[in-house]
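Enquirer: First the structure, which I've put down as structure tokens, then a few questions once you've had a look.
No value in this document is a laboratory result; all are computed from the given coordinates. As the structure is a computational prediction, the values presented were derived from the model and not from experiment. Note that each Cβ is placed from the backbone with ideal geometry, even for glycine, and that neighbours are counted across all protein chains shown.
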Ligand SMILES: NC(=O)c1ccc[n+]([C@@H]2O[C@H](COP(=O)([O-])OP(=O)(O)OC[C@H]3O[C@@H](n4cnc5c(N)ncnc54)[C@H](O)[C@@H]3O)[C@@H](O)[C@H]2O)c1
């Protein structure tokens, strides 16, 4: 029998697609979300849904008491870098304190396996020699978002030592694209690909390109975009490793190992969508690293992760089909 998985953040972009793909793979899924940034309609119908904040001890305990959960996929979190600069404590509250409440309840109910959504924001601004970024690269976050995620990674390591918790933290690079049913629906939207699509669909919307004086081929910042379906396959590999008690590392980068500049994304979108895209060049945003590219050799080898959608045109097209 396939495992019973608690998906936190199941109404969000990545959590909803994870729930959809886990159900397709035959797993039993329970969804948790407080709908703070997620959408009720993104939760697959006919699965148990618990509308609660993961910091609410009584509600989270009730879920674990009434259901025999095998493993938790923890996507719930606050994930806006700019907001985290304005309201750092919100980020420590949600991404650390509330997540710690979830861990404490898990331990009390003897559920000791979790896959955690971490981020390349834990690395801060890597030195040029550190690109592509390995897991061992120094972590030096430059915003409360990255700091709160790194703090939780550290907490996980102590729970492993003191409570025998088994976990994998996946440090995502830039997640993009959509499944047939679900995709990105953030408000405000801060991610490049949905904004490029917005500019393609709306002549009155001008895309802001932050910085054209970076030390890159066209001066704009380079990121490693990973299709959300490949990201979820990595989670499925991670949970299989945990469920079968196989040996693994605790932290894995997840990206394709190559990147695209902002202008390359704009040009690819123009080609794929066959539409013009208006943009304006703006000053760099403080704290935006010039280049973030993952060295993902570890996850490919250890978890036998084999991405199938490493094609920026496919990523843009899938995101556009969802937005239509
Ligand atoms: N999207 C990316 O490119 C990216 C990159 C790196 C890491 N991540 C991480 O992946 C995870 C999912 O990201 P996303 O883009 O799907 O974000 P999202 O905002 O679309 O989804 C997050 C979900 O968590 C829910 N949530 C937030 N706080 C909660 C709480 N305290 N209790 C219960 N539910 C809560 C929200 O309502 C939302 O449905 C986040 O943890 C984020 O930090 C995302």
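Enquirer: Going by a ≥ b ≥ c, the root eigenvalues of the Cα gyration tensor, does region 179-240 fall in the rounded group (a/c under 1.5), the prolate group (a/b larger than b/c) or the oblate group? Provide the component values of the computation, followed by the final result.
Expert: Working: a/c = 3.21, a/b = 1.44, b/c = 2.23.
In terms of gyration-tensor shape, oblate.
Enquirer: Sort 54-65, 143-154 by the packing proxy (mean of other Cβ within 10 Å over each peptide's residues), most packed first. Numbers along the way, then the final one.
Expert: On the way: 54-65: 16.7, 143-154: 21.9.
In decreasing order of mean packing, 54-65, 143-154 become 143-154, 54-65.
Enquirer: Could you please state, rounded to a whole Å, how far the C-alpha centre of region 284-324 is from the C-alpha centre of region 15-68?
Expert: Cα centroid of region 284-324 versus Cα centroid of region 15-68: 25 Å apart.
Enquirer: What list do you get for 305, 158 if you sort them by fewest beta carbons within 10 Å? Write down the numbers at each step before the final one.
Expert: Values: 305 21, 158 11.
The fewest-first ordering by Cβ neighbours comes to 158, 305.
Enquirer: Determine, for 106, 85, 1, the number of other Cβ atoms within 10 Å of each Cβ, and report the residues in order from fewest to most.
Expert: Working: 106 23, 85 15, 1 6.
Fewest-to-most ranking of 106, 85, 1: 1, 85, 106.
Enquirer: Using DSSP, restrict attention to beta bridges with both residues in the chain and report what percent are antiparallel, rounded to the nearest 5.
Expert: Numbers: 2 of 38 bridges.
Of the beta bridges lying entirely in the chain, close to 5 percent run antiparallel.
Enquirer: Report, please, the projected area of region 1-81 averaged over directions, based on the convex hull of its C-alpha atoms, in nm². Provide the component values of the computation, followed by the final result.
Expert: Numbers: hull surface 21.0 nm².
One quarter of the hull surface, i.e. the mean projection, equals 5.3 nm².
Enquirer: A further question on this structure: In vacuo Debye scattering of the chain, one point per C-alpha: log10 I(q)/I(0) at q = 0.10 Å⁻¹?
Expert: Evaluating at q = 0.10 Å⁻¹ gives log10 I(q)/I(0) of -0.55.
Enquirer: Given a 10 angstrom Cα cut-off, can you work out which residue in 240, 41, 82 is the most mobile in a GNM of the chain?
Expert: Looking only at 240, 41, 82, the biggest GNM fluctuation is shown by 41.
Enquirer: Just from its helices, what would the mean residue ellipticity at 222 nm be for the chain, if runs of 4 or more DSSP H residues each count -39500 (n - 2.57) and the sum is divided by every residue, rounded to the nearest 500 deg cm²/dmol? Don't jump to the answer; show the numbers that get you there.
Expert: Details: 11 runs with 119 residues, N = 324.
Calculated from helices alone, the mean residue ellipticity at 222 nm is -11000 deg cm²/dmol.
Enquirer: Compute the acute angle (0 to 90°) between the alpha-carbon long axis of helix 99-108 and the principal axis of greatest extent of the alpha-carbon atoms of the chain; round to the nearest 10°.
Expert: Orientation of helix 99-108: about 20 degrees from the principal axis.
Enquirer: If you don't mind, another one. Treating region 161-200 as a set of equal point scatterers at the Cα positions, no solvent, please give the Debye-formula log₁₀ I(q)/I(0) at q = 0.22 Å⁻¹.
Expert: Taking Cα atoms of region 161-200 as identical point scatterers yields -0.82.
Enquirer: Shape verdict for region 38-175, please, from the Cα gyration tensor: rounded (a/c under 1.5), prolate (a/b greater than b/c) or oblate.
Expert: On the way: a/c = 1.93, a/b = 1.53, b/c = 1.26.
Since a/c reaches 1.5 and a/b is larger than b/c, the shape of region 38-175 is classed as prolate.
Enquirer: Can you sort 235, 258 so the residue with the fewest Cβ neighbours within 10 Å comes first? Don't skip to the answer; put the middle values down first.
Expert: Numbers: 235 24, 258 13.
Final ranking by Cβ density, sparse to dense: 258, 235.
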